[in-house]
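Structure, as structure tokens:
The values are calculated or read from the model by the stated rules, or taken from the named source; none is laboratory data. Only a predicted model underlies this, so the values are computations on that prediction, with no experimental measurement involved. Using ideal geometry, Cβ is built from the backbone for each residue, glycine included, and neighbour counts are taken over all protein chains shown. Heads up: the accessible areas ignore ligands, DNA and RNA and are worked out on the full protein's heavy atoms, side chains in. Shrake-Rupley method; radii C 1.70, N 1.55, O 1.52, S 1.80 Å.
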Amino acid sequence: MTFQRYKTAFTLYPYTRSPAQDRVDHHPVIIVGGGPVGLATALDLGQRGTPVLLLDDHEGPGLGSKAICFAKRTLDICHRLGAAQPMVEKGVVWNKGRVFHHEGELFNFDLLPEDGHRHPAFINLQQPYFEQFLFEAIQKAQAQGAPIEIRGANRVSALSDLGDHVHLAIDTPDGAYEAKADYIIACDGARSAIRDMLGLSFDGRVFEDNFLIADVRMRADFPTERWFWFEPPFAKAQSALLHKQPDGVWRIDFQLGWDIDREAELDPDRIRRRVDAMLSSQTGDVPDYELVWTSIYTFQCRRMKEFRHGAIFFAGDSAHQVSPFGARGANSGLQDAENLAWKLDAVLKGQAPEALLETYSPERSYGADENILNSTRATDFMTPKSEMSTLFRNAVLDLAETHAFARPLVNSGRLSVPCIYEAGPGFGPDALDGPARTRPGAPCPDAPHGSGFLLDLLTGGFTLLCLGGAAPAPLDIPGIAPEIVHVETPAPELAARYLGTATRAVYLIRPDQHVVARWPDLRPDDIKTALRRALGHETETA
């Protein structure tokens, strides 16, 4: 049996017949879907020593640039996984953007105005490359003994949660076979087959607008910035976006409107007329260029009600979907991966109760709701659907040309920022009068330390970060004892981000680099209580 839902950019994991196809093997974790989220989750679990099988119905990434904007937090996650360096080397680094109205610039912005970070605010990198670099990191991990297996051209055709395990039926070019797993992670995209098999809803809103993506290879002198136009001279009453990608490719997005003929809009001659108008408007002429990839997408914001159903978890676009402006899709999916991997690992190793897994859905639902809210607001501003909202949008744009107070109201897509799990049951206390950016629930911002960076010291387990003062004595904590990291004299950037006006601080940090709690000094009993809560024990006994 062969099946192909889409063309692939290249082959990463070609089909080979597995001996397991002649028996029914039981796996701790099976991941369905080999996109960015599935690959990152498999890599994270495997590096922790938890055996994982990844199944994908194709043999590599889909054709087309797709997600291209990868945020600093995503790069920090990939650095921990050993995949970030080639991404940054291949990607187009950018921190700045410009917003235009008609022919004039309204304002510009810098997403990383401070020094002391390893990674930039964003890189632009075509999704197939992103997947390739994650896959290469998996290969390196496998060579070092990480128990990760990937099977390409293996399509899950049915599954049943039987209580003590999940039973899967899997189709391959050599026929069907079966497998069992303690847990399933569905990373199979917005059209998730696993979600459909379980009859689960995917509720939300479809916006009445369409955008054309045109990936164009050309030589151009545009700066390495994000450029967004409202009502540009080359597309009146519409909007457009320009981004640079690797390999001399530029992403151009054109707003099309709602009632369109998709086949006609994808005609290469029609696309070229749009690109020609844009280039001539901005450069005075039309350089030679090649249409590399084109596609039309419709704005959608959807999510599942719950991201966990028994032993089956949903991550990435299978759990939540947002419109692409703001780069919140893949970046949010990588945060799903890092949230879930350490929890499954701890539960499977008997280091935490099953109750810990109950924190995945509420935490990542909070992140999804934040992204959907921002994406919805951006879409409503960019594509107003009523006379009143159009009047508001146009008034804001007119004011922003000369009045700085109006510029924050201009919404061309609030760009992805990492989620802070506000007031979650596994966080706190916050006993330090410290900087807001490192409060409990927040991801740890990087900062210089010695010849490297702080996040190098957070190696994947619980960490007790002690800043200032003398080195603390080891703590007697049964079970998972946090690794103690002591920084006697923090660098100025580290002090600003973690101490503020304090002279000392103690931070308890989760394996996914989110702050659990913080204190002005070492408090062993409070640390033990916070650690138990972070591991789900308090939830279990409540």
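Results, tabulated for the structure shown:
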{"quantity": "Quarter of the Cα convex hull surface for region 196-329, i.e. its orientation-mean projected area (nm²)", "calculated": "10.0 nm²"}
{"quantity": "Partners for Lys528 among aspartates and glutamates (Cα-Cα distance below 20 Å; same-chain residues under 8 apart left out)", "calculated": "Glu354, Asp430, Asp476, Glu483, Asp512, Glu538, Glu540"}
{"quantity": "Region 412-441-region 59-106 distance, computed between alpha-carbon centres (Å)", "calculated": "24 Å"}
{"quantity": "Label-point separation in nm, Glu103 to Ala395, each point 7 Å along Cα→Cβ", "calculated": "2.8 nm"}
{"quantity": "Order by protection proxy (mean Cβ within 10 Å, highest first), peptides 76-87, 311-322, 472-483", "calculated": "311-322, 76-87, 472-483"}
{"quantity": "Accessible area per residue in Å² at 1.4 Å probe, computed on the chain", "calculated": "40 Å²"}
{"quantity": "Span-like helix ranges in the chain, DSSP H, alpha carbon extent 18 angstrom or more, Kyte mean at least -0.5", "calculated": "127-143, 329-348, 387-400"}
{"quantity": "Portion, in percent, of the accessible area of region 428-485 that falls on carbon or sulfur, probe 1.4 Å", "calculated": "57 percent"}
{"quantity": "Flagged links, alpha-carbon separation over 23 Å, of Lys66/Lys90; Lys180/Lys305; Lys90/Lys244", "calculated": "Lys180/Lys305"}
{"quantity": "In region 216-312, chymotrypsin sites (Phe, Trp or Tyr not before Pro) in a DSSP loop with at most 13 other beta-carbon atoms within 10 Å", "calculated": "Trp258"}
{"quantity": "Test item: Cα-centred dipole of region 427-503, Lys/Arg +1 and Asp/Glu -1 on Cβ, debye", "calculated": "180 debye"}
{"quantity": "Descending semi-axes in whole angstrom, ellipsoid equivalent of region 406-542, from the Cα gyration tensor", "calculated": "25, 20, 13"}
{"quantity": "P(r) tail fraction, region 24-73 - alpha-carbon pairs more than 17 Å apart, %", "calculated": "45 percent"}
{"quantity": "Accessible carbon and sulfur surface of region 285-419 relative to its total accessible area, %, 1.4 Å", "calculated": "54 percent"}
{"quantity": "Reference-scaled alpha-carbon Rg (2.2 N^0.38 Å with N residues) for the chain", "calculated": "1.00"}
{"quantity": "Accessible carbon and sulfur surface of region 1-132 relative to its total accessible area, %, 1.4 Å", "calculated": "49 percent"}
{"quantity": "Long-range HN-HN contacts of Ala158 with modeled amide H, under 5 Å", "calculated": "Ala169"}
{"quantity": "The chain - mean residue ellipticity at 222 nm from DSSP helices (-39,500 (n - 2.57) per run, n ≥ 4, rounded to 500)", "calculated": "-8500 deg cm²/dmol"}
